[in-house]
1. Go through region 34-51 and count every residue that is open to solvent by 10 Å² or more (accessible area, probe 1.4 Å) and part of a loop (DSSP other than H, G, I, E, B).
2. For region 194-224, what are the residues that are among the small types (Gly, Ala, Ser) and assigned to a loop (DSSP other than H, G, I, E, B)?
3. Counting only residues that are aliphatic (A, V, I, L, M), out of contact with any strand residue (DSSP E or B) (no Cβ under 9 Å at 6 or more places or on another chain) and either surrounded by fewer than 18 Cβ atoms within 10 Å (Cβ to Cβ) or under 21 Å from Arg505 (Cα atoms) (or both), how many does region 431-482 have?
4. Can you go through Ala37, Ala55, Ala28 and tell me which one is within 17 Å of Leu153 (Cα to Cα), in contact with a Pro (Cβ under 9 Å, 6 or more places away or on another chain) and not assigned by the TED database to the domain that holds Gln169?
5. What's the number of the condition His333 fails, among (1) open to solvent by less than 40 Å² (accessible area, probe 1.4 Å); (2) more than 30 Å from Ile146 (Cα to Cα)?
6. Looking for whichever is in a loop (DSSP other than H, G, I, E, B) and surrounded by fewer than 16 Cβ atoms within 10 Å (Cβ to Cβ) here; the options are Ser128, Ser111. Which one fits?
7. Give the residue, chosen from Asp339, Asp364, that is in contact with a strand residue (DSSP E or B) (Cβ under 8 Å, 6 or more places away or on another chain), among the charged types (D, E, K, R) and open to solvent by 60 Å² or more (accessible area, probe 1.4 Å).
8. Checking Ala55 against (1) surrounded by fewer than 23 Cβ atoms within 10 Å (Cβ to Cβ); (2) not in a strand (DSSP E or B), which single condition isn't satisfied?
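The values are calculated or read from the model by the stated rules, or taken from the named source; none is laboratory data. This structure is a prediction, so every number in the text was calculated from the model and none was measured. Methodologically, a virtual Cβ is constructed for each residue, glycine included, from the backbone with ideal geometry; neighbour enumeration extends over all protein chains shown. For the accessible areas, the whole protein counts, side chains as well, though only heavy atoms, and no ligand, DNA or RNA atoms are used. Shrake-Rupley method; radii C 1.70, N 1.55, O 1.52, S 1.80 Å.
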Amino acid sequence: MTLKELREQVMVVANAVDATFSKGDAIAIDMPMTVSAVVIYLGIILAGCVAVSIADSFAAKEIATRLRVSNAKAIFTQDFILRGGRKFSLYSRVVEADPFKAIVLPVSGNSVGIELRKQDVSWKEFLSIANQRPRSNHYSPVYRPIDSTINILFSSGTTGEPKAIPWTQLSPIRCSADGWAHNDIRAGDVYCWPTNLGWVMGPVVLFTCFLNGATLALYHGSPSGRGFGKFIQDAGVTVLGTVPSLVKTWKSSNCLEGLDWTKIKCFATTGEASNADDDLWLSSKSYYKPVLECCGGTELSSAYIQGSLLQPQAFGTFSTAAMTAGFVILDEHGHPYPDDKACVGEVGLLPLYLGATNRLLNADHEKVYFEGMPMHNGMRLRRHGDVLKRTVGGYLIVQGRADDTMNLGGIKTSSVEIERVCDGADESILETAAISVAPLGGGPEQLIMFVVLKKEYSHQPEKLKILFSRAIQSNLNPLFKVSFVKIVREFPRTASNKLLRRVLRDQVKQELSPRSRI
């Protein structure tokens, strides 16, 4: 699709939105990241309304929460989702969430394949509203102040109600500037990142492409198989975004064998901690091009630490603060370590940060991000929740969330550090998750390892317990030992693929509770 075709389609949607809704209305999108989804998203914003991002994997209850919090006046969705040649109803799940109005697109063809409620309309009917105007493919943009909301996104919502995070007119400028500065995304590039508009990377990749003049590459289907790999080859993708667990899947299944990824000039990765060996394998698919890490948050509009093509890179690490961002690493007393000192501690962001939120729709912004944080150079630091390690060479490694740290024998360590060591303890291991739980009667925390094995392997937990303990004691600390190993088929994750260690921790506590043994 050319920019001209995109512009005209977006303007048709903007005309239909303008004729149906009022300026400033919130309008949700719950569908895969298709060309139509991108057109709808941009059309809503062009018409001076607010896009509400909802991932298409959510259950009705989660959809309903997001519609309520955002006060959405309508929702764009599809009749079905196609996966592996099978149809799964999306409209019925959306209807269960009881939106005021739904505009329903067909997954294929021109007509929706499901009966609609009285207040709902098909995509075809909705576009016909615009066609009643003299120039349906022309629309003068609605100009809004820089701090006006264009998009409402949500945190993962792993505990309680998800935070409703408003993006402003400044947010696209911030995330696209980072893409330009760190990943060198420019005209002529083809950028692909398998994601959804319901997660932060959806709007990020969209704006990064269009504001930097690059081509956006969208793939319909699971990115975990060879079909996606062939799409990357055939589309001539030059910048490919990934998540570490996806790379791990490609590597273990060897599904990319024989494909030509040599047009890729760099990779990007986010969402969870990377494995250096997996990054080396990924890099090898394109003549050892760099793998640039990025770590940030929806409320920041982008990353606060990143890799950079202007600096030497080390796999699995970050090399710098993102452009316009600043941070310090705090010791256990809340005092910043010197910037040149190797250390481990919770990160504190400098509060003057281009594109970061200054409000939440359903929570106290000050309390969530600033209350209880120490002062630094006369400014109160902003909370982010990550634990960072700065190496002797000045590289940065995310050690997990502050609530994923554990105290083993009086020594603080992170889940990520233990998992990094245990992942390489045996060739049978696909991935591990480390948690710690205090015994029922009190006492020191016990280290518990969850394991997902590669398909062709089977192991006894006791054997893995010995392997893990040996690897941890020789690579991390001779005093650490694994108390228990549990083999599972897969780990619980958020829809954006983040590992839910908290769920695993609750599961273990439930199994250890006296009531569960009755």
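1. 1
2. Gly198, Gly213, Ala214, Gly221, Ser222, Ser224
3. 1
4. Step by step, each of Ala37, Ala55, Ala28 is checked, and only Ala28 is within 17 Å of Leu153 (Cα to Cα), in contact with a Pro (Cβ under 9 Å, 6 or more places away or on another chain) and not assigned by the TED database to the domain that holds Gln169.
5. It is condition (1) that His333 fails.
6. Only one candidate qualifies: Ser111.
7. Asp339
8. Condition (1) is where Ala55 drops out.
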